[in-house]
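Novice: Attaching a single structure in structure tokens format; questions to follow.
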Amino acid sequence: MSRRWIQNPNRCADEYLDGIEEFIEFARRHNPSATRIRCPCRRCNNTFWETIENVGFHLVRNGMIETYSIWNLHGEQVDHASSSNAPRVDNVEPIVDPNDQVMGIIQDAFPFASTNINQEGEDDVPTPIDSAEFEQYEKLLKNANQELYPGCKSFSVLTAIVELMHGKIKYRMSNLCFDYFLGVFKRMLPTDNCLPKDHKHAQKVLHGLGLGYEKIHACKNNCMLFYKEHETLDTCPICNESRFKMTSQNRTTKIPQKVMRYLPLKPRLQRLYMSTHNATDMRWHKKKRVDDDVMRHPADGEAWKEFDRTFPEFAADPRNVRLGLATDGFNPYGILNQHHSTWPIFAFPYNLPPWKCMKKEYMMMTVLITEDPGKSIDVYLRPLVDELKDLWTNGVRTFDKSTGRMFTLRAAVMWTVNDFPAYAMVSGWSTKGYMACPVCKEDVTSGWHAGQVCYLGHRRWLPWDHEWREKDKEFDGNTEHRLRPREWSGDEILEQLNRLDFAPFGKTVSRTRPSTHLNWTHKPMFFELPYWSKLKLRHNLDVMHVEKNVFDTLVGTILDIEGKTKDTIKARLDLERMGIRRGLWMNRDSDKARRDLAFFSMKPNDKKEFLKFVSSVKFPDGYASNIARCVNVDGGKFTGLKSHDCHVFMQRLLPVGIRHLLPEDVVKPIILLSRFFSQLTAKTLRRTDMFQLRHDIVQVLCKFEMIFPPAFFTSMMHVMVHLPEEALLAGPVNYRWMYPIERLLGELKKSVRNRAKPEGSIVEAWVQYESLTFSPPSLSPPPPLPPTPVQLDRARDEGGTPELPRRHRRASRRVFFGFGRISSAVILPPPATNSATSGMVSVLFFML
């Protein structure tokens, strides 16, 4: 059977489901005694081992890796000596052997430990490792060959430790709990077993697989790091603050005031090439990417292509790594009244294919800061920027497992990904005040309306002869003849920054920013990178937070929610002051003035009906959270909506729910805005669609200016006009927004065990996770699975229904998501009798 079914995007098609059956049968035939095999779905990526039944379920839900057409990891072998390209299938031994897997881990971690020293001078062969690394290699090899107890053939010492540590991380066991069970297992085994007695000794065994980190002392006031030439100082030369805390004179060790954890980037980049599959996939952006009008990857964006044209020597080797950087703060305690904030900085490679890119396994924590650094974040970026400069200039010698040769690995940062406050910290341009837009800069149109800074003037993006440019009363009372704001190149920005004089970093340094500095707070350290000023896009606007803030502003206004609406008394008085839209002015009777409900806000009965509609919506499992829990029908408002809730609400529910409750002139631009975000956040983008979105968002903002008061236009409403342009430069949004970062921060928060030292807990858990990324997952049996499509079809033919596990029964009655041969559906409520919603039918959003 042809394996073209792997490329079929419709995972419910008969061809695809028959192909899965063929693969499962192939795996059973060539691994007859294996209970688990590698899962080739896009999420597991042949890294995790699952039961054969679970593999079939994963392939239906996630799809198979598109490039995995030769099933060599499941028993298929290619006869390279034959002139034919057809694969030759041989019977092989079962491939599920934990001890063999662990030996493979050691070979990946030390790929050239046994290299002949006589070959040291050759350029295309690995060079011998130093004595310290070779000692680690020998220890791991000894533990990998040593039986857990005399006569045990299933587990070596290292295999047992890896399995147990996987369970500890997966189920977030505390060290105390792990020590208890380790002691129980040790007593259960024969007395002469070699199992470590506690977590500390188990960590020592795995130490050789880890990458480690450095502790760098910092000034208490964020003035500087005690790093390199300042490493021996005991006081900060800027604020004269002591490096160490005041302790008892009898104490022999000194306690630093503040510690930054730095995780070196070079060994983590080198590890990407220690696995054959990863090393091959790191070339995907150059070797296997399809270059057409569809943008599927950042490599399809204009910024990537312009970088290749500017630096052809770097682009010549596809193994050179393109990185993205992201940072955000979170409360490690999970308690809202705590002011402590932890700030990690992550790097992630963009060379990988879409099904691997932005996954947790390939994200690298590089810096961990113990508090909100503010604009002093550049102080903590110093070690990272120094290493990035060296990676660009000199590179690092790296062993490529796929070719078996050494090469010089270089790396470059393509852009950063941050929310709006962190954008200001990293870029050096303040995102507050009259010039808050970091793209328009000083050329933005802003003004003081209703007690806040608002951003109007979106007619500047219209064609110069557009009729709306001549209208005044419909907008802000003025005609518009200005062109759109100019675009600043990196060289122009660097030249401007070089002319400015900034105060040193630190909490104790206070200096009023002169008007000549505009909104610049400091010169970003990234400009020390030789290529930074040549990039077409240096910092990304985070679509996740933009969409959420736009949703909050829009829904709060059309529902007239107190505290969230922008149609306030101040906004009405502002309209009177401007002399526009007399219909929205305050209604004055004798000596009283009242604010009547605006035409763009729902009436009380319509609002109640809209909220009831939202609370009755059902979604497939995993598609969205239970939005009904956030609806307060009696209070007439929403509470507790998360960013993804707003994402689903904006694109799926809002256009359906308001179409009969608001005037047509208000509904049309809102529906157009919903479609704008739906197309912008798609996994694949067409350039022609992005050009159309660039036109549509200007139309939407101009129509909003004719509907809503000026107070409606916050900075988040304004920056929407720049999102299509960034999509053209950098490709799909799902590689440049904060959703993956926020999920990772949630994982880090769960790893805090010692609340007195949260950063220590986080970095130790992260390094431990890194050391096990090469290791096989825990082989504990998975929970009962729902029936496969084949089992369902057979059961129906036999006149029965397969028994579901108890926890799956309720979900299966509501919607069967991802297992059947039909698409899943979002189930909306049926038409209500004698109600305005009687014309509303059940809506199906198909997701193939």
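Novice: Of K139/K170; K356/K566; K356/K750; K401/K749, which sit over 31 Å apart, Cα to Cα?
Specialist: Result: K356/K566; K401/K749 exceed 31 Å.
Novice: Accessible area per residue, 1.4 Å probe, Å², for the range 449-587: what's the number?
Specialist: 49
Novice: Moving on to the next point. Using a Cα-Cα cut-off of under 21 Å, which lysines could be cross-linked to K375, ignoring same-chain neighbours fewer than 8 residues away?
Specialist: K220, K258, K432, K441, K507, K523
Novice: Let me ask something else about it. Restricting the calculation to Cα positions, tell me the Rg (one decimal) and the Dmax (whole number) of the range 397-491 in Å.
Specialist: My reading of the Cα-based Rg and Dmax gives 21.9, 71 Å.
Novice: Something else now. S489: net charge of surrounding residues, Cβ under 13 Å, Lys/Arg +1, Asp/Glu -1, itself excluded?
Specialist: Net local charge, S489 excluded: 0.
Novice: Please work out the average accessible area per residue across the range 143-243, using the 1.4 Å probe convention, and give it in Å².
Specialist: So the range 143-243 comes to 55 Å² accessible per residue, rounded to a whole number.
Novice: Based on the mean of other beta carbon atoms within 10 Å per residue, what is the order of 22-35, 589-602, most packed first?
Specialist: By packing density, highest mean first, the sequence is 22-35, 589-602.
Novice: Which order do peptides 670-678, 173-181, 146-154 fall in by mean Cβ count within 10 Å, highest first?
Specialist: 670-678, 173-181, 146-154
Novice: Follow-up. Trypsin sites (Lys or Arg not before Pro) within the range 679-709: which are DSSP loop residues with at most 12 other Cβ atoms inside 10 Å?
Specialist: Passing sites in the range 679-709 are K683.
Novice: Oh, and also: For the range 370-457, what % of the accessible area comes from carbon and sulfur atoms, probe 1.4 Å?
Specialist: 51
Novice: Here is a further query. Whenever you get a sec, compute what percent of the accessible area on the range 257-361 sits on carbon and sulfur atoms (1.4 Å probe).
Specialist: Carbon and sulfur atoms account for 52 percent of the accessible area of the range 257-361.
Novice: Still on this structure, I have one more. Report the calculated FRET efficiency for F26 and K215 (r = Cβ-Cβ distance, R0 = 51 Å), to the nearest 0.05.
Specialist: 0.50
Novice: Stretch K668-D390 to full length: gain in nm at 0.36 nm per residue minus the Cα-Cα span?
Specialist: 94.8 nm
Novice: Tell me the net charge near L206. Cut-off is 13 Å between Cβ atoms, L206 excluded, with +1 for each Lys or Arg and -1 for each Asp or Glu.
Specialist: Spelling it out: positives minus negatives among the neighbours equals +1.
Novice: Of all accessible surface on the range 576-692 at a 1.4 Å probe, what whole percent is carbon and sulfur?
Specialist: Reported share for carbon and sulfur atoms: 46 percent.
Novice: Further question: Rolling a 1.4 Å sphere over the protein heavy atoms, what is the accessible area per residue of the range 347-441, to the nearest Å²?
Specialist: On a per-residue basis, 26 Å².
Novice: Take the range 631-780, compute every pairwise Cα distance, and split them into 10 Å bins from 0; I just need the percent in each bin.
Specialist: 9, 26, 28, 19, 14, 5, 0
Novice: Please give the contour-minus-distance gain from K286 to H517: 0.36 nm per residue of separation, less the Cα-Cα distance, rounded to one decimal in nm. If you can, show how the numbers build up before the last one.
Specialist: Numbers: separation 231, 0.36 × 231 = 83.16 nm, distance 4.18 nm.
Between K286 and H517, full extension yields 79.0 nm more.
Novice: With all pairs of different alpha carbon atoms counted, what Kirkwood hydrodynamic radius in Å does the range 474-538 show?
Specialist: Across the range 474-538, the inverse of the average 1/r is 14.8 Å.
Novice: Among residues other than F613 whose Cβ falls under 14 Å from its Cβ, what is the net charge (Lys/Arg +1, Asp/Glu -1)?
Specialist: Around F613, the surrounding residues sum to +4.
Novice: Follow-up. Please compute the Kirkwood hydrodynamic radius of the range 18-67 from all pairs of different C-alpha atoms, in Å with one decimal.
Specialist: For the range 18-67, inverting the mean 1/r across all distinct Cα pairs yields 10.6 Å.
Novice: If contacts are Cα pairs under 8 angstrom and at least 6 residues apart, what is the relative contact order of the range 207-281 in percent? Walk me through the numbers before you get to the answer.
Specialist: Details: 85 pairs, mean separation 24.2, N = 75.
It comes to 32 percent, rounded to a whole number.
Novice: Obtain the radius of gyration and the Kirkwood radius of the range 165-306 from its C-alpha atoms and give Rg over Rh.
Specialist: That ratio equals 1.15.
The values are calculated or read from the model by the stated rules, or taken from the named source; none is laboratory data. On a predicted model such as this, the values are computed, not experimentally measured, just so you know. As a convention, Cβ positions derive from the backbone with ideal geometry for all residues, glycine included, and neighbour counts pool all protein chains shown. Please note that ligands, DNA and RNA were not included when accessible areas were found on the heavy atoms of the full protein model with its side chains. Shrake-Rupley method; radii C 1.70, N 1.55, O 1.52, S 1.80 Å.
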